[in-house]
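Colleague: I'd like to ask you about the structure that follows.
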Amino acid sequence: MHLLNKVTTVFQGQEFYIAIELPNRSLQQAKICCDWRLKSLLTGYEHLLEQRLQQSTTLAGFMEELKTIVERVGQDGDMSPASVASPRFYSHLLEELAEVGWERLSFIDANFRWLHLEAKDSCDRRHVLKIHLHEQHPEVAPDCVTELPLPFHFISTGSNSLKNLFSQFKQCLEQYKEFWDAMDEIDSSTWVLEPEKPTRSATVRRIALVNNASLQIEVNPVQPTVLPKCTFLGADHVTSPLKGNLCKNLHHWRSAVSLLDNLQNVLEVTFPSPANTKKEDLSVECGICYAYRLAGCVPELTCDDSRCCQTYHRDCLYEWLRSDPTSRLSFNMVFGECPYCSKPITMKAPNK
Ligand SMILES: [Zn+2]
Ligand SMILES: [Zn+2]
C-alpha cells in the first residue's frame with residue numbers, strides 16, 4: 001500500500017512532499033521517499049528517522065515527529081537523537097507556556113530545552129528566570145538559573161509545571177524588595193566604583209568618598225536595613241576619622257531610615273553623587289597608568305601623604321619602584337618614593 005503525505009515546515013515557508021511505503025501496513029518495514037530538497041536537508045539524520053519510525057505506533061505520530069525534525073534541521077538546531085524529545089514533550093510545553101502567558105517568554109533555544117521567562121516585581125524591576133527543562137519534563141523538576149542575591153530553590157509541591165515554578169519565582173522576588181530598593185538608591189545617588197555594572201545578585205558596593213578613598217559595603221539581602229559590613233580603602237588620614245565616626249555614632253543607626261541615609265548619618269559625610277560631582281574630580285584612577293581597571297584590578301595602594309593621596313595599582317607601583325634605583329627591597333617589602341610627591345612609600349612585593 002502507498003500513502004502520500006505532505007509535510008509543511010516553517011523552514012522558509014517551504015512545503016515538502018513525502019511518500020511513505022507501508023508493506024503489510026507495518027511501520028517497522030516502511031520506506032520513505034521524498035524530493036531531493038528534503039532528502040538533502042535530512043542527510044546525516046537517517047539513523048534518527050529510522051529510530052523514530054521503529055518507535056512510532058501510528059503513521060500520524062511518526063508524521064508529527066518528522067515535521068518536528070524537519071523544522072529543527074531547518075533552524076540549524078542540534079539534532080542528535082538525545083536532544084529530540086517526544087511530541088508529547090512539545091505539545092505539553094506549548095500548553096504550559098500558554099498557561100504562564102506567552103508574553104513572559106523572552107527566549108527559547110532551538111532544542112526547546114532552555115527558556116527564559118521575564119517577570120516584573122511590584123516596583124517594576126525586570127527579572128529573568130532561566131529554565132532548563134529535563135528530557136522527562138514534567139516528571140523531573142527543571143533546573144533554574146536566577147540573578148538573585150541568594151540561591152533560588154524551587155519546591156515542586158506535587159507539580160513541576162512552569163506555572164508553579166514561575167509563581168514561586170515571583171513570590172521570591174518580593175522577598176528582596178527592600179534590598180533592591182536600598183541598592184537602587186545607592187547606585188543612583190553615589191559613585192559606585194565596584195562592581196562596574198551591579199547585577200541584581202550583587203550584595204557588595206564600593207562607594208567613592210573623597211581624595212582616593214572609598215567605602216566598601218556588604219549588605220545583608222535578607223535584612224538590608226541593618227548595618228552592613230564596612231571596609232574603608234584609602235589613605236589613613238581620610239579613613240581613620242570615618243572609622244571613628246562609625247564607632248561613635250553606631251547607636252544612631254535606625255532601621256526605619258534608608259541604608260544610604262543611615263550610612264551618611266553615622267559617618268557624618270555626604271557621599272559625592274553624580275548630581276554634584278564628576279567622576280574625574282574623584283581622581284579614582286591609578287596615578288601611573290591613568291586607568292581605573294587594569295586586568296581586572298582596581299587601584300588599591302594609596303600614598304599616605306595627606307596632600308598627595310594618589311592611588312596606584314599594585315602592579316603599576318611595583319614596576320615603577322623596581323625601575324627606580326633609589327628603591328630597595330627588604331624582607332619582601334619595597335621601600336621607595338611616591339611617583340607624585342616623592343614622599344616615602346612602602347608596599348609588599350607581589351608573590352610572583
Ligand atoms: Zn595602574
Ligand atoms: Zn604621594
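The values are calculated or read from the model by the stated rules, or taken from the named source; none is laboratory data. Everything numeric in this text was worked out from a predicted model, so none of it was measured. Neighbour counts run over all protein chains shown; Cβ positions are idealised from the backbone, glycine included.
Colleague: Going by what's in this entry, would residue 239 be described as out of contact with any helix residue (DSSP H, G or I) (no Cβ under 7 Å at 6 or more places or on another chain), more than 16 Å from ligand 1 (Cβ to nearest atom), in contact (Cβ under 8 Å) with a residue 24 or more places away in the chain and not in a loop (DSSP other than H, G, I, E, B)?
Modeller: Yes; evaluated as a whole, the condition is true for this residue.
Colleague: Return a yes/no flag: does segment 244-255 have any residue that is part of a helix (DSSP H, G or I), among the basic types (Lys, Arg) and in the same structural domain as residue 193 (by TED's automatic domain parsing).
Modeller: Taking every residue of segment 244-255 in turn, at least one turns out to be part of a helix (DSSP H, G or I), among the basic types (Lys, Arg) and in the same structural domain as residue 193 (by TED's automatic domain parsing).
Colleague: If you check residue 270 against the conditions, is it at negative phi, in the same structural domain as residue 185 (by TED's automatic domain parsing) and either within 16 Å of ligand 2 (Cβ to nearest atom) or hydroxyl-bearing (Ser, Thr, Tyr) (or both)?
Modeller: When the stated conditions are applied, residue 270 passes them.
Colleague: For segment 318-337, which positions are closer than 16 Å to residue 350 by Cβ and exposed (fewer than 11 other Cβ atoms within 10 Å of the Cβ)?
Modeller: 323, 330, 331, 332
Colleague: Continuing with the same structure: Tell me, yes or no, whether segment 305-317 has at least one residue that is of a type in the set (D, E, K, R), within 13 Å of ligand 2 (Cβ to nearest atom), crowded, with 17+ Cβ neighbours inside 10 Å and not assigned by TED's automatic domain parsing to the domain that holds residue 208.
Modeller: Yes, segment 305-317 contains at least one residue that is of a type in the set (D, E, K, R), within 13 Å of ligand 2 (Cβ to nearest atom), crowded, with 17+ Cβ neighbours inside 10 Å and not assigned by TED's automatic domain parsing to the domain that holds residue 208.
Colleague: Can you go through 106, 159, 167 and tell me which one is free of Cβ contacts under 8 Å to residues at least 24 places away in the same chain, assigned to a helix (DSSP H, G or I) and at negative phi?
Modeller: Residue meeting the stated conditions: 167.
Colleague: Looking at this structure, is residue 312 touching a helix residue (DSSP H, G or I) at 6+ places or on another chain (Cβ under 8 Å), within 18 Å of residue 238 (Cβ to Cβ), within 14 Å of ligand 1 (Cβ to nearest atom) and at pLDDT 90 or above?
Modeller: yes
Colleague: Now, a different point. For segment 319-334, name all the residues that are within 16 Å of ligand 2 (Cβ to nearest atom) and either within 31 Å of the chain's Cα centre (by Cα) or assigned to a helix (DSSP H, G or I) (or both).
Modeller: Initial filter on segment 319-334 (within 16 Å of ligand 2 (Cβ to nearest atom)): 320-321, 324, 326-327, 334.
Correct list: 320, 321.
Colleague: Continuing with this model, one more query. What is the one condition in (1) under 20 Å from the mean Cα position of the chain (by Cα); (2) surrounded by 14 or more Cβ atoms within 10 Å (Cβ to Cβ) that residue 162 does not satisfy?
Modeller: If we test residue 162 against (1) under 20 Å from the mean Cα position of the chain (by Cα); (2) surrounded by 14 or more Cβ atoms within 10 Å (Cβ to Cβ), just (1) comes out false.
Colleague: Scanning for something more than 16 Å from ligand 2 (Cβ to nearest atom), hydrophobic (A, V, I, L, M, F, W, C) and part of a helix (DSSP H, G or I), does segment 282-300 turn up at least one residue?
Modeller: yes
Colleague: If residue 281 satisfies every condition in (1) more than 16 Å from ligand 1 (Cβ to nearest atom); (2) modelled with pLDDT of 90 or more; (3) under 18 Å from residue 233 (Cα atoms) but one, which is the exception?
Modeller: (2)
Colleague: Being outside any helix (DSSP H, G or I) and under 30 Å from residue 181 (Cα atoms) is the requirement here; does residue 122 meet it?
Modeller: Yes; evaluated as a whole, the condition is true for this residue.
Colleague: If you scan segment 339-352, which residues turn out to be touching a residue at least 40 places away in the same chain (Cβ under 8 Å) and within 16 Å of ligand 1 (Cβ to nearest atom)?
Modeller: Within segment 339-352, 339, 340, 345, 347 qualify.
Colleague: Go through segment 261-276 and give me each residue that's within 11 Å of residue 191 (Cα to Cα) and more than 30 Å from the chain's Cα centre (by Cα).
Modeller: Across segment 261-276, the qualifying residue is only 276.
Colleague: Something else: Could you say whether any residue in segment 178-196 is among the hydrophobic types (A, V, I, L, M, F, W, C) and in a strand (DSSP E or B)? Explain how you work it out, then say what you get.
Modeller: Just the residues of segment 178-196 that are among the hydrophobic types (A, V, I, L, M, F, W, C), to begin with: 179-180, 182-183, 186, 191-193.
The next check asks that each one be in a strand (DSSP E or B); those that pass are 192-193.
Within segment 178-196, one or more residues are among the hydrophobic types (A, V, I, L, M, F, W, C) and in a strand (DSSP E or B).
Colleague: Let me ask something else. Across segment 338-352, which residue is surrounded by the most Cβ atoms within 10 Å (Cβ to Cβ) among those that are charged (D, E, K, R) and more than 8 Å from ligand 2 (Cβ to nearest atom)?
Modeller: In this case the residue turns out to be 348.
Colleague: Can I ask one more? Give the residues of segment 284-308 that are within 16 Å of ligand 1 (Cβ to nearest atom) and touching a residue at least 60 places away in the same chain (Cβ under 8 Å), sorted by residue number.
Modeller: 284, 292, 293, 298, 299, 300, 302, 303
Colleague: Let me ask something additional. Go through segment 315-338 and report how many residues are within 14 Å of ligand 1 (Cβ to nearest atom) and of a type in the set (Asp, Glu).
Modeller: 2
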